[in-house]
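Below is one structure, written out as structure tokens; the observations come after it.
The values are calculated or read from the model by the stated rules, or taken from the named source; none is laboratory data. Model, not experiment: these values are computed from the prediction. Cβ placement follows ideal geometry from the backbone for every residue including glycine, while neighbour counts extend to all protein chains displayed. Each accessible area value is taken on the protein alone, full model and side chains, heavy atoms only, with ligands, DNA and RNA left out. Shrake-Rupley method; radii C 1.70, N 1.55, O 1.52, S 1.80 Å.
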Amino acid sequence: MRLLPVGQDSLLVDLDGPDEAQAWHAELLRRIGAGALAPVREIVPGEKTVLLYGVRDLPGFEAELLRWSAPPSATDSGELVEIPVRYDGADLRVVAELWGMSEDEVVRVHSGTEHRVAFSGFAPGFAYMTGLGEPYVVPRRAEPRTSVPAGSVALAGHYTGIYPRSSPGGWQLIGRTSVTLWDLDRQPAALLVPGTRVRYVSVSEELTA
């Protein structure tokens, strides 16, 4: 773990990998919620970092963090959200070839895995979800698409993600959902926030918004 001051009142916790970052994010939320750490304005997890905004006493906060460690995140903690998916993505066949299995088996693996939101980014409502593990890592497309439809369920590297709106993108598309991921009238606006558990449910009927 490396602690890096950012500006006047922020602190970046730099870690060795996504699992450790998720564990520290969960532990920071727990300790601040329990009053064991001074409150901060905002906590933002990244792939291998946790950024704390609005730290009142940076030296004291750093010294406190150095005295404790974060246990692994409990796999059964956090809200569970189910996402209906029609698995008919343009890259489903490519993923099946990369995984050395049939397209139906890809669907069984993806929908049979419990995913977890590690962090958010790229676009409002876009969640980077872990869970598939090393055997199912896939590369990004050699040529990104200029437009990926909103609701596209996709894979890249270790992650699963859903495009909340139409945008360019280079992830491998395996399906689509009609679930609204970003709604300013909802609190929080993002349906999938860090720590959320996610299960994809395979559906055969046509999805409607």
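Checking every one of the trypsin sites (Lys or Arg not before Pro) in the range 7-46 against DSSP loop status and a limit of 11 other Cβ atoms within 10 Å picks out Arg41. Per residue, the chain exposes an accessible area of 51 Å² to a 1.4 Å probe, with every protein chain left in place. Evaluating 6.51 cos²θ - 1.76 cosθ + 1.60 at θ = phi - 60° for every residue in the range 12-27, the Karplus couplings come out as 9, 8, 9, 10, 8, x, x, 4, 5, 4, 5, 5, 5, 4, 5, 5 Hz, glycine and proline recorded as x. Determine by what factor the alpha-carbon radius of gyration of the range 1-101 differs from 2.2 N^0.38 Å, reporting the quotient. Rg over 2.2 N^0.38 Å, computed on Cα atoms: 1.43. Given a 1.4 Å probe and the protein chains as shown, Leu184 ends up with an accessible area of around 140 Å². When a 1.4 Å probe is rolled over the protein heavy atoms, the share of accessible surface on the range 54-209 that falls to carbon and sulfur comes to 51 percent.
Computed over neighbours whose Cβ is under 15 Å from that of Trp68, the net charge equals -1, Lys and Arg +1, Asp and Glu -1.
With a 1.4 Å probe and every protein chain left in place, tell me how much accessible area Met101 has, in Å² to the nearest 10. Surface open to solvent at Met101 totals about 50 Å².
Exposure check, 1.4 Å probe, all protein chains in place: Ser111 carries approximately 30 Å² of accessible surface. Within the chain, the percentage of alpha carbon pairs spaced more than 27 angstrom apart rounds to 36%.
Could you compute how fast the range 67-174 diffuses translationally, taking Rh as the Kirkwood radius over C-alpha pairs and applying Stokes-Einstein at 20 °C with viscosity 1.002 mPa s? Give it in µm² per second.
Details: Rh = 14.8 Å.
Result for D is 145 µm²/s.
Of Leu29, Gly60, Val50, which is farthest towards the positive pole of the range 28-69's charge dipole, taken about the Cα centre with +1 and -1 on the beta-carbons of Lys, Arg and Asp, Glu respectively? Of the listed residues, the answer is Leu29.
To the nearest 20 debye, what charge dipole does the chain have about its Cα centre, counting +1 at the Cβ of each Lys and Arg and -1 at the Cβ of each Asp and Glu?
Working: 19 positive and 27 negative charges, 63 e Å.
With only Lys, Arg, Asp and Glu charged at Cβ, the dipole is about 300 debye.
Each of the peptides 82-93, 56-67 was scored by the mean count of other Cβ atoms within 10 Å over its residues; in descending order, highest first, they stand as 82-93, 56-67.
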